[in-house]
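Each value in this text was obtained by applying a stated rule to the coordinates, not by laboratory testing. Predicted, not measured: the structure shown is a model, and the values here were computed from it.
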């Protein structure tokens, strides 16, 4: 029995380094100076990566922690997923004075690069717990889903954020008309902002990030 126990311990010690390496995938980071550095990034859930990432230039290196305010972006080579540093605005309810806005630097997944940049920010491990971030210049706008009385995701845009989108899309009347009926999903949002970009800034290059 003791021999089997020590054999298991020995095998675990041998296998553990290889098992740990499986969490890292080939990727890159883009520094604040816009230098691209190749290496390996710990592959965990998008909600956890939204807060920080672990990066190694070489698999034998000690990982370095990067936060959203310490690099511009990062990406994975194999599936070409790209995350960018953005600002997430959360409305926090206060006991006696309504609510306040709390701005948090975060890593969000690129969906569209055009006149507006569009990102998706996963807030937790729950599939429906996400928001969209719209970037125009140096400004970031958080678009939330509408939640019903049972705290269930409704696949509609939050009523307060419909006004934000209408404001952003003002130059193109046809797109403004579509906002209220736009479903809260990637395909619909990408389509809406592509059509806006074609209308308002036809000379700006459009890049859609498609993920499997």
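Given that compact globular proteins tend to follow 2.2 N^0.38 Å, what is the ratio of the alpha-carbon Rg of the stretch 43-92 to that value?
Dividing the Cα Rg of the stretch 43-92 by 2.2 N^0.38 Å gives 1.26.
Could you list, bin by bin from short to long, the percent of Cα-Cα pairs of the stretch 106-212 in 10 Å steps?
Taking every Cα pair in the stretch 106-212, the percentages come to 14, 50, 30, 5, 0.
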